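Engineer: Okay, handing you the structure first.
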Amino acid sequence: MAPAEIDAADIETGDTQAAERIVRFTANRSFEHHLSDEMLRAAVERQFEIIGEALAGVKRQEPATAGAISDLPRIIAVRNSLIHGDASVDNRLACRRSRFGPPADGD
């Protein structure tokens, strides 16, 4: 079965909404709270899955656009780890990305 065509506007809207949810869900929360609150962690992880899935679609259908997204492989790898239940997901990275924007170079 071929993947469904993806509308770039839908991807941007979905990614933006997912990113906004992450910011809203993690507002005024500490890393310790993130670790101790299973529902918060699951909600944030789900939004990262949505973003990663949308960007995987961009990679399949618009490789030139995908090539302009420097963190694309890393974002898709995080999505894959979450979707496939990889226990090694780094909660520090998820929390830092969700609360404070992109980590400093080398993170």
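The values are calculated or read from the model by the stated rules, or taken from the named source; none is laboratory data. Since this is a predicted model, take the numbers as computed values, not measurements. A quick note on method: Cβ atoms are made from the backbone with ideal geometry, for glycine too, and the neighbour counts reach across all protein chains shown.
Engineer: Anything in the stretch 32-81 that is among the small types (Gly, Ala, Ser) and over 15 Å from Ile22 (Cα atoms)? List them, or say none.
Structural biologist: Across the stretch 32-81, the qualifying residues are Ser36, Ala54, Ala56, Gly57, Ala64, Ala66, Gly67, Ala68, Ser70, Ala77, Ser81.
Engineer: If you don't mind, another one. Report yes if some residue within the stretch 44-61 is of a type in the set (Asp, Glu) and either modelled with pLDDT under 85 or surrounded by fewer than 14 Cβ atoms within 10 Å (Cβ to Cβ) (or both); otherwise report no.
Structural biologist: There is no residue in the stretch 44-61 that is of a type in the set (Asp, Glu) and either modelled with pLDDT under 85 or surrounded by fewer than 14 Cβ atoms within 10 Å (Cβ to Cβ) (or both).
Engineer: Let me ask something additional. Return only the number of the condition from (1) over 17 Å from the mean Cα position of the chain (by Cα); (2) under 19 Å from Leu82 (Cα atoms); (3) among the aliphatic types (A, V, I, L, M) that Ala64 does not satisfy.
Structural biologist: Here Ala64 clears every test but (2).
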